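A.B. asks: A single structure is presented below for examination.
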Amino acid sequence: MSNQHVVVIFPHPDDESFGASGTISKFRAEGIPVTYLCGTLGEMGRNMGSPVFANRETLSSYRKQELTEAARRLDIDVELLGYRDKTLEFEPREEVADYLLKRLKALQPSLVITHYPGYAVHPDHDALAAAAVSAVGQMDESLRPEVWMHAISNHHEEDLGEPDYILDIEPYWEQKLAAIQAHLSQADGMMSLIDNHDKKSEQTARLKLERFYKWKFT
Amino acid sequence: MKAIEQTVVQEKINELANQDVYVHLETTNGAYASHFDEKAYNVGAFIRNAHVSYQHGKIVSTGGSYRVGLKLDLGWVYAEGVTDFEIDDKGRLLMAGHDREGRLMVALEISETPFSHEADVHE
């Protein structure tokens with residue numbers, strides 16, 4: 001397990017917890033370091049806490065603190081990329097890729113986890129993931145990490161087929177729940193959606209399986 | 001934020017009239033609207049740090065939520081569905097409308113100084 005390092009690249013504080021915290025916990029349990037490159041502070045989020053405690057101008061401070069707490073619970077490092085929520089798709093793709101490439105060269109990951117560009121619903125997800133794939137593609141083949149991609153869109157399997165990796169993260173469910181709950185301003189809205197969902201068990205089951213596609217560089 | 005107090009908000013609107021101010025105006029139904037409901041549309045707009053001066057402004061209610069209009073020399077700033085407000089420690093008038101679950105649907109904010117633009121990484 002030496003020389004392994006997982007780098008997670010998502011745009012919002014809480015993407016790591018909802019999307020990959022079971023997998024992250026599994027790697028941490030194996031002693032593998034994990035670094036989260038978080039694109040923005042999610043400062044344009046709609047959820048303001050339940051009951052509301054944040055406003056548009058204070059949300060970024062809350063979300064930054066929440067991310068710090070989630071990272072503490074997951075025992076991972078966080079680096080902020082400093083972009084602004086909702087605007088990533090309007091930044092020049094290659095500039096974002098160059099910036100990510102610099103970070104990746106410094107971190108030397110063995111694995112990068114990001115979203116699946118075009119199948120990740122939120123425009124920030126698609127844009128940052130596309131830049132991440134471009135950055136990894138520019139790395140020397142001998143240093144190039146694997147890339148695992150998280151697809152979210154409703155019908156992605158029709159295009160992409162079965163994911164390459166399906167991780168049953170039941171053993172790490174407590175860690176995942178704790179990480180999600182660290183995102184106080186966001187978690188209630190999301191978890192109540194699940195609690196009130198007529199297919200609650202199906203929704204919970206979905207959170208207990210983390211699924212990734214492996215990017216194939218040609 | 002707390003529920004709109006019309007007199008307090010109107011006084012603050014008056015106070016900020018006829019000078020250079022910065023406006024944040026936003027409406028959103030979220031990036032996931034059509035993900036959770038395929039019949040729904042994703043709709044949103046925001047403008048951050050519009051640099052304007054308004055001649056006068058008014059907050060109006062028809063029961064429930066409020067509308068705010070600011071008259072510019074060459075146009076208007078308008079928001080509907082505002083329910084809550086706050087005058088923060090920087091003297092900015094922050095107004096927003098939230099849905100039943102507390103999610104922000106609309107925001108209108110007026111400040112004498114620019115709103116933060118880049119993410120405040122070092123804050």
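The values are calculated or read from the model by the stated rules, or taken from the named source; none is laboratory data. Model, not experiment: these values are computed from the prediction. Because the Cβ atoms are built from the backbone with ideal geometry, glycine has one as well, and the counts that use them run over all protein chains shown. Heavy atoms of the whole protein, side chains included, go into the accessibility calculation; ligands, DNA and RNA do not. Shrake-Rupley method; radii C 1.70, N 1.55, O 1.52, S 1.80 Å.
A.B. asks: Of all the residues that make up the stretch A:54-73, how many are acidic (Asp, Glu) and outside any helix (DSSP H, G or I)?
C.D. replies: 1
A.B. asks: Here is a further query. Within the stretch B:30-123, which strands (runs of 3 or more DSSP E) (wholly inside it) include 1 or more residues that are over 24 Å from B:Gln6 (Cα atoms) and open to solvent by 20 Å² or more (accessible area, probe 1.4 Å)?
C.D. replies: By residue number, B:44-52.
A.B. asks: For residues in the stretch A:140-163 being at negative phi, open to solvent by less than 80 Å² (accessible area, probe 1.4 Å) and in a loop (DSSP other than H, G, I, E, B), which is modelled with the lowest pLDDT?
C.D. replies: A:Asn154
A.B. asks: In the stretch A:158-181, what residues are under 25 Å from A:Met191 (Cβ atoms) and acidic (Asp, Glu)?
C.D. replies: Correct list: A:Asp168, A:Glu170, A:Glu174.
A.B. asks: Within the stretch A:112-125, work out how many residues are in a strand (DSSP E or B) and either open to solvent by 10 Å² or more (accessible area, probe 1.4 Å) or within 14 Å of another protein chain (Cβ to nearest Cβ) (or both).
C.D. replies: Here the count works out to 1.
A.B. asks: Which of the residues belonging to the stretch A:45-68 are within 24 Å of B:Ala33 (Cβ to Cβ) and more than 7 Å from every other protein chain (Cβ to nearest Cβ)?
C.D. replies: A:Gly45, A:Phe53, A:Ala54, A:Leu59, A:Tyr62, A:Arg63, A:Glu66
A.B. asks: Still on this model: From the list A:Lys86, A:Lys102, exactly one residue is farther than 17 Å from A:Leu209 by Cβ, open to solvent by 20 Å² or more (accessible area, probe 1.4 Å) and either among the aromatic types (Phe, Trp, Tyr) or assigned to a helix (DSSP H, G or I) (or both). Which is it?
C.D. replies: Only one candidate qualifies: A:Lys102.
A.B. asks: How many residues, within the stretch A:47-64, are without any contact (Cβ under 8 Å) to a residue 12 or more places away in the chain and either under 22 Å from A:Glu174 (Cβ atoms) or among the basic types (Lys, Arg) (or both)?
C.D. replies: Here the count works out to 0.
A.B. asks: Test A:Ala20 against the criterion of being touching a residue at least 12 places away in the same chain (Cβ under 8 Å), crowded, with 22+ Cβ neighbours inside 10 Å, among the aliphatic types (A, V, I, L, M) and more than 14 Å from every other protein chain (Cβ to nearest Cβ), and give yes or no.
C.D. replies: Considered against the rule, which asks whether it is touching a residue at least 12 places away in the same chain (Cβ under 8 Å), crowded, with 22+ Cβ neighbours inside 10 Å, among the aliphatic types (A, V, I, L, M) and more than 14 Å from every other protein chain (Cβ to nearest Cβ), A:Ala20 comes out as yes.
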